[in-house]
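Engineer: Submitted below is the structure of interest, expressed as structure tokens.
Where a number appears in this text, it was derived from the coordinates with a stated rule and is not lab data. Remember, predicted model here, so these are calculated numbers, not experimental data. Methodologically, a virtual Cβ is constructed for each residue, glycine included, from the backbone with ideal geometry; neighbour enumeration extends over all protein chains shown.
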Amino acid sequence: MGLITPLYDMLWYEYLVWSLLVGGFTFGWLYHHTFFYRSEEGIDNNVDNLEVGVFPVHYDNLKLEVAWTILPFFLIVYLAYISWEPLDNIWSAANAEDGYFGDECLAGEASNLYWDDSDGVYKADCYHVIGITGFQWSWEFDCYDLEEDLCAHGVVNIEGNDKPHLMLKADSAYLTVMTSTDVTHAPWFVSHGVKEDIHYGKISSQWVLADDVEDFLLICTEYCGDNHAYMIAGISVHA
Ligand SMILES: [Cu+2]
């Protein structure tokens, strides 16, 4: 079971590397200066003639100011750029002309979800629609008229408690139709790295891209009252 899908693998490592570089540079600089320029007993430490409450204009360095504004700006633009494709993949509209997941599957049609390594996105021939309703403090699944092989729901025992269970088919793309009957919740498909808020009286959707055969949890990630922490369900993806 992968905790991160291929969709975010590259981003994860890339962000990790930049965090280490920027963090290492910043904290290295901070600690070096903190100790190197530390005041010492019995020595006139105010060699720079600093006055309390007066900005040391004579130390202004335009090049440095411009550099630490421009460099992070380019880094942020670059990180936004490399995040675009995965985010576009996961937030793409249904039935879009140039969409990743085609139209809704006809009865009996397979969705054929696959990972397109060259584009770094998931694609499918078509998708299946399933319903999820959240309430204090559990979930209700709806398979509409999908065949049992594609979607089924029941009850599963998770650490001694009976919880709702949703069974999906591997290599299938699902579009959820979601709402809440009370307060705001947010179903998080842990293994897929996706979550979306659901609201009372509103419909929201997210792509559930069942790529691997695995069992994982669906967890509520919007605090919704006393039993928020127990608002979980089991998701099983079968071959
Ligand atoms: Cu909740």
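Engineer: If R₀ is 41 angstrom, what is the calculated FRET efficiency for the pair residue 35 and residue 79, using the beta carbon separation as r and rounding to 0.05?
Structural biologist: Once rounded, the FRET efficiency stands at 0.85.
Engineer: Now for a different question. Can you tell me what share of the DSSP beta bridges in the chain is antiparallel? A percent to the nearest 5 is fine.
Structural biologist: Here the antiparallel bridges make up roughly 70 percent for the chain.
Engineer: Pairs of Cα atoms under 8 Å, at least six residues apart: use those to get the relative contact order of the chain, whole percent.
Structural biologist: RCO, the chain: 17 percent.
Engineer: Using only alpha carbon positions, build the gyration tensor of segment 103-238, then give the equivalent ellipsoid semi-axes as the square roots of 5 times its eigenvalues, largest first, whole angstrom.
Structural biologist: Three semi-axes, in Å: 25, 16, 15.
Engineer: Hey, how many Å between the Cα centroid of segment 139-175 and the Cα centroid of segment 80-96?
Structural biologist: 26
Engineer: Sticking with this structure for a sec: Relative to the first principal axis of the alpha-carbon coordinates of the chain, what is the inclination of helix 62-90, with its axis defined by its Cα atoms, in degrees from 0 to 90 and to the nearest 10?
Structural biologist: The angle comes out near 10 degrees.
Engineer: In nm, what is the difference between 0.36 nm times the number of residues separating residue 98 and residue 19 and their Cα-Cα distance?
Structural biologist: 25.0 nm
Engineer: Under 18 Å Cα to Cα from residue 169, which lysines show up? Leave out anything in the same chain fewer than 8 places away.
Structural biologist: Output for residue 169: 123.
Engineer: If you don't mind, there's one more thing I want to ask. Before rounding to the nearest 500, sum -39500 (n - 2.57) across all DSSP H runs of length at least 4 in the chain and divide by the residue total; then give [θ] at 222 nm in deg cm²/dmol.
Structural biologist: -9000 deg cm²/dmol
Engineer: Tell me the label-point distance for the pair residue 147, residue 200, using the 7 Å Cα-to-Cβ offset, in nm and rounded to one decimal.
Structural biologist: Output for this residue pair reads 4.1 nm.
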